[in-house]
2 protein chains.
Amino acid sequence: MRLVVVGGVAGGMSAAARFRRLNEDAEIIVLERGGEVSFANCGLPYFVGGEITDESALLVQTPASLEASLGLDVRVNTRALALDPETRTLTIEDADGRSELTYDELILSPGASALRPPIPGVDSPRVQTLRTVPDALSLNLIAATAKRAVVLGAGFIGLEAAEALNARGLETSIVELAPHVLPPLEDEMANLVRDELLRLGIAVHDGVSADAIEQGEAHDTVVLSDGTRFETDVIVLSVGVRPDTSVWEAAGVECERGAIIVDEVGRTNVDRVWAAGDATVSVDRITGARRPVALAGPANRAGRLVADAISGKLQHRLPGLTGTAIVRVGDLTAALTGANRRALADAGITHYTVHLHPLNHAGYFPGASQIHLMVHFGTDGKLLGAQAVGNDGVDKRIDVLAVALKAGMTVHDLIDLDLAYSPPYGSAKDPVNIAGMMAANVLDGTLNLWYAKDVEDVMRESLVLDVRSAGEVRTGHLPGALNIPHTQLRDRIDEVREAAGGRGVAVYCQSGMRSYLAHRQLSQAGLRSANLSGGMLTLRATLGPRADELLLTK
Amino acid sequence: MRLVVVGGVAGGMSAAARFRRLNEDAEIIVLERGGEVSFANCGLPYFVGGEITDESALLVQTPASLEASLGLDVRVNTRALALDPETRTLTIEDADGRSELTYDELILSPGASALRPPIPGVDSPRVQTLRTVPDALSLNLIAATAKRAVVLGAGFIGLEAAEALNARGLETSIVELAPHVLPPLEDEMANLVRDELLRLGIAVHDGVSADAIEQGEAHDTVVLSDGTRFETDVIVLSVGVRPDTSVWEAAGVECERGAIIVDEVGRTNVDRVWAAGDATVSVDRITGARRPVALAGPANRAGRLVADAISGKLQHRLPGLTGTAIVRVGDLTAALTGANRRALADAGITHYTVHLHPLNHAGYFPGASQIHLMVHFGTDGKLLGAQAVGNDGVDKRIDVLAVALKAGMTVHDLIDLDLAYSPPYGSAKDPVNIAGMMAANVLDGTLNLWYAKDVEDVMRESLVLDVRSAGEVRTGHLPGALNIPHTQLRDRIDEVREAAGGRGVAVYCQSGMRSYLAHRQLSQAGLRSANLSGGMLTLRATLGPRADELLLTK
């Protein structure tokens, strides 16, 4: 029995290794068009940045180690050119030319290639991508002498590349077509990342496109849609990827916008042809949206599952993806799981959001730092998505929420999660528990929120009440806000009633906690009241640079 | 309407604060027998150890701050002496003497007191507990001049106390009646903690009791059941707690072995009397066992829920507890969630266990360290419990598993958890995913395990096969083991068949991964084979000091 696997990185190599463990007698051939298999593609930016110094660390396995350990026949620098499903034959090409290869079962894990947008001049030799070990070696060499770099695309890999080049001493700019860096993040999270990029000394140009790359002798010039021009020694293209499926689509493998359609065990429409990884369509668990997802974890697991399915060992099915992702940017970690506002709107799912700024661990224990956390949930209480930015403990909370999402938990379930608490690790009420409590309060009307994006409308229509101390107010407050510290509110509630004159009262404080106490008092005193979700911290993060225009400091 | 809350720390204060937010007009009186409310009890060892330097950091709230912020009438140094449920009257005692206090609703959150075992001499003035701020202040003072300390009880707080005193320069010994430190942990985890205690310079005496405390003028002498005697300047008693419920039981509040019985919203058997926290009976979610649980998180949440119930705002019920706990010991973190072997045995639940030693994040990224992880699961695949010890990333994995437990997930569900991956935070296959894969392999017979505790039997009955390299074998191997490196096994399988002579083959390597590959080859070659769960690392950790007696180094 011969299994042929096309693609020797995440999904393909997981499939081949698992198939060997289940089928000692099978012949297993892995075809990889590149020169390396099973390499550490997620590590490439850190090699460029100098954190990973040993090139060999990037090569997790080699064809020789895979032969020795698993008896795999791994053929690098080998491309698949055509597939004839009738005769179960692949046409392949390697250094020796073209040949044919038959199979009993075929697994397609071709991955995705870097998109090259149709920008004039994008064929410049100074334009690089960062997808393979040779890409990383080349960029590493260039970084040793180059002075300036432009990264096109501020997604996860783009940010990692920009930080790496900046760490190597290059004057680095990053350009993003979307309104903000890390487009999957909400504004109020992305602006925190933007601030960190600026702190690192990386220039951020968001909401603009690169219209041209002018190729010069000494350097190229990148021209942006807003007229900005930068001279640069290297341009890293990181504007997304496209599944590498033309050969397979031509052979009759059914695709959807270029990605291979598979069933819940990885089967394509073609007999004995299976697929896994970045080139396949995934189903979003929350919204039902269908799209290819370029993530290493899901690719590895899908590869393993396909091997199980072919071996008749199937124990479970591919679940939908919750789309959890994380990136380190300077001292910050930004992470998300589940759906964001746009995905929820596209899917027509009504939702609420809570914002909070808890500490990563007990405040009285040294080294506590703030986590900026937001959680989306449905009108039925079901968790829909979460995002967080902070220094420490962000990965843990997003992973906890990712499991809760996968389990279909409600915000009430979050309240009662038994998370590991001792002062160095968390708080008796963990940030995730608190998010659940806040959300439950929203659902039953105990907490009525207003959101920072609506600040102009709210200022026009409501009495704005700032319940911070006078000292905090001077650091920046909304124009026209009445200031009554929350500890004085019980005695001064008539002042508020008078100032409101029948209008609603929009309360805020620094993080949303003291104003929640005030909001409860106002509501129970018969005033219509709402509390700013996430307080001044979220307001500033939502408005970004516009915050300083709006806020008064006396 | 008057609410009286007895106990002003975790559960009681959460109840009082929540009740105020829901009932602005209620009179809320909190009685606390100690001098402080809402203090950071989990922070006390770190204050003694010098990591928390500011005493005021331990006082999260004061009666004054609670009056200002929440309008609570907090009365410290006030004891409840009796309850008359008929007339809804408490007899209380404070500095002014006895008086009576009526209530409309009463919440009992009296907590638990340190157990004082009936050891001769336990009344020595050198015997201390570490439950309150005055305890911590006193121990902090003593530590400034004392030279030697003995901690009786190596549970979570006992270890924290021992590490604190050791950090202050005291020659510190810890004594534990159970066979190993941290009794809720399995042997193979606890021995790793023991090694870390020894590395810190703390003397560990486990499996022995303290039989007497001989009070001397210059010092006391602790006498152990094995005859060991130490002179010491201070003795910290940390052998457990007992619910403080005698007053309530006398008044007719139904208790079970001293702990108050509540329903799933915190109601006792007595009309208008509610309870929350360490003094109540909790139900274990996995085993159904009933016992009081002294954990801050569950106490806080139970207090909040009781306030909701009294307010008619109830959104959910008290779930059973998964019993998640964590402790920092030196550079290590040890944590657990769910049931351990003993609890499963007591409940008659058949289970399997997998051991693994994955890295906390991608191995090619600097600073990776090993997590020693074990997972218990049922014959139906249901997750039952997990424990982990390591340097970094332990808290995250145990929290992830705690959520999975709460959700009733199976090991198959663990495989497909979408956890946040990028090289600084994890691996494409997270330790939790891998645990799920291993467990699924056990369930369907792909992986047949043997366990370190059975090593003597296995050596007697099976051919032992060591598939590590010759160099690794020399660092310590089982007597009589045949050594064939796993990469040579395909060519040398007949050697194994011959040596086995009809016996089963017990394979092992360092961590269990290479021997799993070997096990698959052996099984498919028709040999009865089993793989050592967790490999040599788990074997050494299980045997502890006995490992060096058993293993040969040439």
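The values are calculated or read from the model by the stated rules, or taken from the named source; none is laboratory data. Because the structure is a prediction, the values reported are computed rather than measured. Please note: Cβ atoms are built from the backbone with ideal geometry, for glycine as well, and neighbour counts cover all protein chains shown. Each accessible area value is taken on the protein alone, full model and side chains, heavy atoms only, with ligands, DNA and RNA left out. Shrake-Rupley method; radii C 1.70, N 1.55, O 1.52, S 1.80 Å.
Can you tell me what share of the DSSP beta bridges in the protein assembly as shown is antiparallel? A percent to the nearest 5 is fine.
Details: 114 of 200 bridges.
Counting DSSP beta bridges with both partners in the protein assembly as shown, the antiparallel share is about 55 percent.
With the full set of protein chains in place, find how many percent of the accessible area of chain B is carbon and sulfur; take the probe as 1.4 Å.
In chain B, the share of accessible area belonging to carbon and sulfur is 48 percent.
How far is A:Gly476 from itself in the other copies, in nm, if each label sits 7 Å out from Cα along the Cα-Cβ line, shortest first?
Label-point separations across copies, in nm and ascending: 5.6.
In debye, nearest 20, what is the charge dipole magnitude of region A:325-443 about its Cα centre with +1 on Lys and Arg Cβ and -1 on Asp and Glu Cβ, if you could check?
Details: 8 positive and 10 negative charges, 46 e Å.
I would put it at about 220 debye.
Which peptide among A:46-53, B:312-319, A:335-342 comes first, and what is the full order, when sorted by highest mean count of other Cβ atoms within 10 Å?
Those peptides, ordered most packed to least, come out A:335-342, A:46-53, B:312-319.
So which GluC sites (Glu not before Pro) in region A:57-119 are both in a DSSP loop and have at most 15 other Cβ atoms within 10 Å of their Cβ?
Values: sites: A:Glu67, A:Glu86, A:Glu93, A:Glu100, A:Glu105; in loops: A:Glu86.
Counting only loop positions with at most 15 other Cβ atoms within 10 Å, the GluC sites (Glu not before Pro) in region A:57-119 are A:Glu86.
What does the convex hull of the Cα atoms come to per residue for region A:403-444, in Å³?
64
Work out the mean other chain Cβ neighbour count within 10 Å for the residues of B:408-418 and drop it here as an integer.
6
Report Rg(Cα)/(2.2 N^0.38 Å) for region A:325-443, keeping two decimals.
Ratio of Rg to 2.2 N^0.38 Å for region A:325-443: 1.01.
Suppose we take every Cα in region A:127-239 and form the convex hull; what volume per residue is that in Å³?
89
So how many Å³ per residue does the convex hull of the Cα atoms of chain A work out to? Don't skip to the end; give the middle numbers.
On the way: hull volume 96.2 nm³, N = 554.
Convex hull volume per residue, Cα atoms: 174 Å³.
Hey, any idea what Rg/Rh is for region A:9-67, computing Rh the Kirkwood way over Cα pairs?
Expressed as Rg/Rh, it is 1.06.
On a 19 Å Cα-Cα criterion, which of the cross-link pairs A:Lys396/B:Lys313; A:Lys406/A:Lys453; A:Lys406/B:Lys406; A:Lys382/B:Lys406; A:Lys382/B:Lys382 come out too long?
A:Lys396/B:Lys313; A:Lys406/A:Lys453; A:Lys382/B:Lys382
Based on alpha-carbon atoms only, what is the radius of gyration of region A:430-546 relative to the globular estimate 2.2 N^0.38 Å? Let's see the in-between values first.
On the way: Rg = 13.4 Å, N = 117, 2.2 N^0.38 = 13.4 Å.
Region A:430-546 yields a ratio of 1.00.
How many Cβ atoms of partner chains, on average, are near each residue of A:425-432 if near means within 10 Å of its Cβ?
Average neighbour count from other chains, rounded to a whole number: 5.
Skip the ligands, DNA and RNA, and give the accessible area per residue of region A:160-301 with a 1.4 Å probe, whole Å².
40
Considering amide H positions built from the backbone, and no H for Pro or chain starts, which residues 5 or more places from A:His361, or on another chain, come under 5 Å of its amide H?
So A:His361 has HN proximity to A:Ser369.
I'd like to compare B:265-272, A:147-154: which one has the highest average count of other Cβ atoms within 10 Å, and what's the full order after that? All intermediate terms of the calculation are to be shown ahead of the outcome.
Values: B:265-272: 17.8, A:147-154: 25.0.
In descending order of packing, they fall as A:147-154, B:265-272.
Once phi is turned into θ = phi - 60°, what whole-Hz ³J(HN,Hα) does the Karplus curve with 6.51, -1.76 and 1.60 give for every residue of region A:220-235, x standing for Gly and Pro?
9, 10, 9, 10, 9, 5, 8, x, 4, 10, 10, 6, 8, 8, 8, 10
Net charge within 13 Å of A:Asn441 by Cβ-Cβ distance, Lys/Arg positive one each and Asp/Glu negative one each, not counting A:Asn441 itself?
Values: positive: A:Arg520, B:Arg18, B:Arg21, B:Arg304, B:Lys313; negative: A:Asp444, B:Asp308.
Computed value for this residue: +3.
Based only on Cα atoms, what mean projected area does the convex hull of the protein assembly as shown have, in nm²?
47.4
Work out the mean other chain Cβ neighbour count within 10 Å for the residues of B:363-370 and drop it here as an integer.
4
At q = 0.13, 0.22, 0.24 Å⁻¹, work out log10 I(q)/I(0) for region A:64-166 with the Debye formula, treating every Cα as an identical point scatterer and leaving solvent out; two decimals please.
Result of the Debye calculation: -0.75, -1.19, -1.32.
Tell me what chain A gives for mean residue ellipticity at 222 nm when only DSSP H runs of n ≥ 4 count, each as -39,500 (n - 2.57), the sum divided by the residue total, rounded to 500 deg cm²/dmol.
So the helix-based figure for chain A works out to -8500 deg cm²/dmol.
Sorted from largest down, what three extents in whole angstroms do the Cα atoms of region A:37-79 have along their principal axes?
Dimensions of region A:37-79 along the principal axes of its Cα atoms: 34, 24, 13 Å.
With a Cα-only, solvent-free Debye model of region B:1-119, what are the log10 I(q)/I(0) values at q = 0.17, 0.18, 0.21 Å⁻¹?
-0.88, -0.96, -1.19
May I ask for log10 I(q)/I(0) of region A:177-335 at q = 0.14, 0.17, 0.19 Å⁻¹, from a Debye sum over the Cα atoms as equal point scatterers with solvent left out?
-0.89, -1.05, -1.15
Measuring nothing but label to label, 7 Å from Cα along Cα→Cβ, what are B:Gly240's distances to the other copies in nm, shortest first?
6.2
Quick one: label points 7 angstrom along Cα→Cβ at B:Asp54, distances to the other copies in nm, smallest first?
Here the equivalent label points are 4.4 nm apart from this one.
Sorted by mean Cβ packing within 10 Å, highest first, what order do the peptides A:545-553, B:297-305 take?
The most tightly packed comes first, giving B:297-305, A:545-553.
For region A:243-308 and region B:384-457, what is the centre-to-centre distance using only Cα atoms, to the nearest Å?
26
Please report the spacing between the Cα centers of region A:1-54 and region A:333-361 in Å, no decimals.
Comparing the Cα centres of region A:1-54 and region A:333-361, I get a distance of 34 Å.
What are the extents of the Cα atoms of region B:435-477 along their three principal axes, in Å, largest first?
33, 24, 16
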